[in-house]
Amino acid sequence: MTYTVTQIAEALKAKAFGAVDLLVSRIAEPGEATEGDLALALNPKFAEGLESSKARVAMLWADADWESFGLEAAILVPRARYAMAGLTKMFDQGAGFAPGIHPSAVIDPSADLGENVSVGAFTIIEKGAKIGRDTVIGPQCYIGADVTIGANAHIKDHVTLAARVQIGDDFWCQPGARIGGDGFSFVTPEKSTVEEARQTLGAENSQKAQSWARIHSVGAVTIGNNVEVGANSTIDRGTIRDTRIGNGVKIDNLVQVGHNVTIGNDCLLCAQVGVAGSTQIGNNVVLGGQTGVGDNLVVGDNVITGGDTTVLSNIPSGRVMLGSPAMKMETQIEAYKGLRRLPRITKDVAALKIAVSKLTSKD
């Protein structure tokens with residue numbers, strides 16, 4: 001794929017300067033850029049090596065003096081990272097899956113495939129499944145009975161969509177994701193030790209023997225439009241009602257979403273986040289990496305958690321949280337500063353005790 005400097009700038013709504021008819025066939029970092037590449041130096045600290053590179057054209061920050069780098073042309077962008085979204089889309093070569101239906105794919109005759117659907121090798125599509133137009137399903141995927149996938153989905157290899165999962169348009173799913181597995185839901189014939197511990201806050205634990213009976217998952221998973229699910233992430237089906245993921249949600253790799261969870265629109269769940277069953281997550285929530293959210297909680301809109309935060313109680317809208325257990329970020333930082341001061345305070349107290357002891361002995 002080759003573009004002129006003008007075409008790239010127009011697609012990104014950016015400004016182009018210099019020899020705007022130059023052709024670009026690849027994007028590269030300044031140190032690796034050669035003729036025909038678009039060198040990316042979207043921040044002054046990344047511009048090192050640009051003058052000595054073979055690049056003729058670069059994409060730079062908004063007020064860069066592009067001619068000082070010896071370039072023949074430049075594209076200047078006001079918001080560098082946002083420009084990256086459009087630029088990488090233009091140059092994305094995709095996963096390389098062949099178009100059409102691979103002869104080894106197993107597709108039930110009752111499945112409904114829209115126009116221009118691509119299905120990879122050894123993929124299975126069960127009865128009643130509906131696949132929207134322009135959808136790409138990679139090799140060795142499993143699409144369960146009565147699954148619905150909207151238009152323009154991109155599903156990489158080894159993905160499982162279990163029975164009755166419902167997914168909107170523009171879905172992206174990375175390798176190994178599992179959506180619609182049974183929830184982790186069990187119960188004992190009598191009150192369990194876990195229930196006792198919750199009631200007494202750990203004051204009692206009878207340590208009695210107990211066996212677990214499975215609560216079956218008869219709900220499914222409903223996912224909105226423009227959602228992305230990362231590699232090896234899991235979303236469990238609901239017990240009675242569906243687990244629900246809103247529009248525009250982005251889920252990173254190795255994320256676990258439990259049964260009956262509801263996630264609002266435009267949320268971001270970073271790597272190794274775990275959300276326990278029946279918790280409600282609001283809109284525009286960002287959960288930092290390794291955040292753990294307990295069950296049956298409510299996290300309000302626009303909440304942000306830092307990495308490795310443990311959420312054990314409800315969080316009001318708009319809070320920025322950190323720590324284990326989670327507290328306001330500024331409070332957690334002050335508490336951490338206090339913890340760092342403890343060794344010095346301990347020494348001061350020891351010295352004060354010695355001084356007081358000496359004064360007492362003189363008396």
Residues of segment 224-270 satisfying the condition of being over 24 Å from Gly132 (Cα atoms), open to solvent by 30 Å² or more (accessible area, probe 1.4 Å) and not in a loop (DSSP other than H, G, I, E, B): Gln256, Thr262, Leu268
Lys358, sole failed condition from (1) within 24 Å of Ala231 (Cα to Cα); (2) charged (D, E, K, R); (3) open to solvent by 70 Å² or more (accessible area, probe 1.4 Å): (1)
Evaluation of Gly289 against (1) outside any loop (DSSP other than H, G, I, E, B); (2) open to solvent by less than 70 Å² (accessible area, probe 1.4 Å); (3) not β-branched (Val, Ile, Thr) (one fails), failing number: (1)
Residue selected from segment 180-194 under the condition in contact with a Ser or Thr (Cβ under 8 Å, 6 or more places away or on another chain) and either among the charged types (D, E, K, R) or assigned to a strand (DSSP E or B) (or both), by the criterion surrounded by the most Cβ atoms within 10 Å (Cβ to Cβ): Gly180
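Look through Ala47, Ala41 and report the one residue that is buried (at least 17 other Cβ atoms within 10 Å of the Cβ), within 18 Å of Phe91 (Cα to Cα) and among the small types (Gly, Ala, Ser). Steps first, answer last, please.
Numbers: Ala47 fails: within 18 Å of Phe91 (Cα to Cα).
Ala41 is the lone residue from the list that is buried (at least 17 other Cβ atoms within 10 Å of the Cβ), within 18 Å of Phe91 (Cα to Cα) and among the small types (Gly, Ala, Ser).
Here are some residues: Ile333, Ile315. Which one is within 30 Å of Arg241 (Cβ to Cβ) and over 17 Å from the mean Cα position of the chain (by Cα)?
On the way: Ile333 fails: within 30 Å of Arg241 (Cβ to Cβ).
Answer to the selection: Ile315.
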Hits in segment 160-179 - residues which are among the small types (Gly, Ala, Ser) and in a strand (DSSP E or B): none
Residue tally, condition under 30 Å from the mean Cα position of the chain (by Cα), open to solvent by 20 Å² or more (accessible area, probe 1.4 Å) and closer than 18 Å to Ala64 by Cα, over segment 15-30: 1
Selected residue (only one of Phe97, Phe69 is hydrophobic (A, V, I, L, M, F, W, C), open to solvent by 30 Å² or more (accessible area, probe 1.4 Å), over 25 Å from Asn247 (Cα atoms) and without any contact (Cβ under 8 Å) to a residue 40 or more places away in the chain): Phe69
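The values are calculated or read from the model by the stated rules, or taken from the named source; none is laboratory data. The shown structure was predicted, so the numbers you read here are calculated from the model rather than taken from an experiment. We place every Cβ from the backbone using ideal geometry, glycine too, and count neighbours over all the protein chains shown. Just the protein is used for accessible areas: all its heavy atoms, side chains included, with ligands, DNA and RNA removed. Shrake-Rupley method; radii C 1.70, N 1.55, O 1.52, S 1.80 Å.
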